1. Can you list residue pairs whose Cβ atoms sit under 8 Å apart, with the first residue in the range B:161-181 being of a type in the set (A, V, I, L, M) and the second being open to solvent by less than 50 Å² (accessible area, probe 1.4 Å) and not in a helix (DSSP H, G or I)? Count only pairs 6 or more apart in sequence or on different chains.
2. If you take the residues in the range B:91-105 that are open to solvent by 40 Å² or more (accessible area, probe 1.4 Å) and not hydroxyl-bearing (Ser, Thr, Tyr), which one is nearest to B:Asp129 (Cα to Cα)?
3. In the range A:109-128, what count of residues is obtained for those that are within 8 Å of another protein chain (Cβ to nearest Cβ) and among the polar types (S, T, N, Q)?
4. Kindly indicate whether A:Arg147 is under 21 Å from A:Lys96 (Cα atoms) and of a type in the set (Lys, Arg).
5. Being open to solvent by 40 Å² or more (accessible area, probe 1.4 Å) and within 12 Å of chain B (Cβ to nearest Cβ): is that true of A:Glu58 here?
6. Please tell me if B:Glu38 is open to solvent by 20 Å² or more (accessible area, probe 1.4 Å), without any contact (Cβ under 8 Å) to a residue 60 or more places away in the chain and closer than 17 Å to B:Ile132 by Cα.
7. Criterion first (closer than 24 Å to B:Met60 by Cα, modelled with pLDDT of 95 or more and surrounded by fewer than 18 Cβ atoms within 10 Å (Cβ to Cβ)) does A:Asn110 satisfy it?
8. Considering only residues that are under 24 Å from B:Tyr163 (Cα atoms) and assigned to a helix (DSSP H, G or I), which ones fall in the range B:87-103?
Protein chains: 2
Amino acid sequence: MAHISVQEGLPGIRSLVMFRPETGQHLYALAQVLLRGESPLSEAERELIAAYVSSRNECMFCMSSHAAAARYLFKDKKQVVDIVLDNYQSAPISAKLKALLNIAGKVQQNGKAVLPEDVEQGRNNGANDRDIHDTVLIAATFSMFNRYVDGLASLTPTHPKEYEVMGERMGTIGYALPVKI
Amino acid sequence: MAHISVQEGLPGIRSLVMFRPETGQHLYALAQVLLRGESPLSEAERELIAAYVSSRNECMFCMSSHAAAARYLFKDKKQVVDIVLDNYQSAPISAKLKALLNIAGKVQQNGKAVLPEDVEQGRNNGANDRDIHDTVLIAATFSMFNRYVDGLASLTPTHPKEYEVMGERMGTIGYALPVKI
């Protein structure tokens, strides 16, 4: 049960933004621009970074839902998602994306863990300022979402089918506040 | 020097929201509602929680600027800020605020570290759902800001006077995006 009185049956962050839509609207708007707005990174890659950071924070709700969104967006290459979550170094992804996942993992620990050589490794593999910026902000943002969702013990569905449905919704509709304020 | 090309001389998050105002606008809007909007916690208490979490994350820029804002807002009780940052258990603050700082510290570690007994301790000292919600979201949000600011190695001013000026601006004007988009 959640630590505060939220609407029963609503999973994860959905129950929290319904509890306090005044803050929720900005959380969803941020997710929409960051994960669906213009970026040198594809939507699938950005969802993958979100799932990877959530996995490192052991946030089951965010990890499962964003992994499902990434699988939906990677289409016939969707098997890449689970390989990355298991060990991204062995995944069939670009050296640039591996370098960005390394940076995201550093941000998950602490911002200061990102060293000039981590950024250099990204640039040597084709990452530009926007790739690096978006990676750091996605990793920072999910360090927030993960803590919001777990810090209030919001509902974490356990059935994979529920996440599959969520992933398809996130991959098509994106992030729209489920309530008018 | 920052890891990406941002406008020289702009400190901390200010340089990053100028680099990418499309995401920056939602970060500032979130800070404004969360730290200045309606809440059972005073603006001073919310800035104190923000400074405390930033201190635990060793983010000098966020810690120094939000501590300065808290000092400005606490007025003639401003000495409380430095006592809290040193050891909040010894500070002349309410048992409720101590219980909320305990929760904020748990969120800073990991959302799952918040246990039912931490929440119970808050409730026994007068915290309601909104106190607990706002505390968790402030702690989660600063776990993001701290990582964004340090993960991109943005400029951290070293002179206390600069933070004093920032703190007064944050305590009066609040959080308004410094650029039109």
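The values are calculated or read from the model by the stated rules, or taken from the named source; none is laboratory data. Please read all numbers here as calculations on a predicted model, not as lab measurements. Cβ sites come from the backbone with ideal geometry, for glycine too, and all protein chains shown count toward neighbours. With ligands, DNA and RNA removed, areas are computed over all heavy atoms of the protein, side chains included. Shrake-Rupley method; radii C 1.70, N 1.55, O 1.52, S 1.80 Å.
1. Filtered contacts from the range B:161-181: B:Met166/B:Pro11.
2. Initial filter on the range B:91-105 (open to solvent by 40 Å² or more (accessible area, probe 1.4 Å)): B:92, B:94-96, B:98.
Cutting the leftovers down to not hydroxyl-bearing (Ser, Thr, Tyr) gives us B:92, B:95-96, B:98.
Numbers: B:Pro92: 24, B:Ala95: 16, B:Lys96: 13, B:Lys98: 16 Å.
The residue in question is B:Lys96.
3. 1
4. Details: under 21 Å from A:Lys96 (Cα atoms): no; of a type in the set (Lys, Arg): yes.
Answer is no for this residue.
5. Details: open to solvent by 40 Å² or more (accessible area, probe 1.4 Å): yes; within 12 Å of chain B (Cβ to nearest Cβ): yes.
Taking the combined requirement at face value, the residue satisfies it.
6. Numbers: open to solvent by 20 Å² or more (accessible area, probe 1.4 Å): yes; without any contact (Cβ under 8 Å) to a residue 60 or more places away in the chain: yes; closer than 17 Å to B:Ile132 by Cα: yes.
Yes.
7. On the way: closer than 24 Å to B:Met60 by Cα: yes; modelled with pLDDT of 95 or more: yes; surrounded by fewer than 18 Cβ atoms within 10 Å (Cβ to Cβ): yes.
Yes: the conditions hold for A:Asn110.
8. B:Asn87, B:Tyr88, B:Leu101
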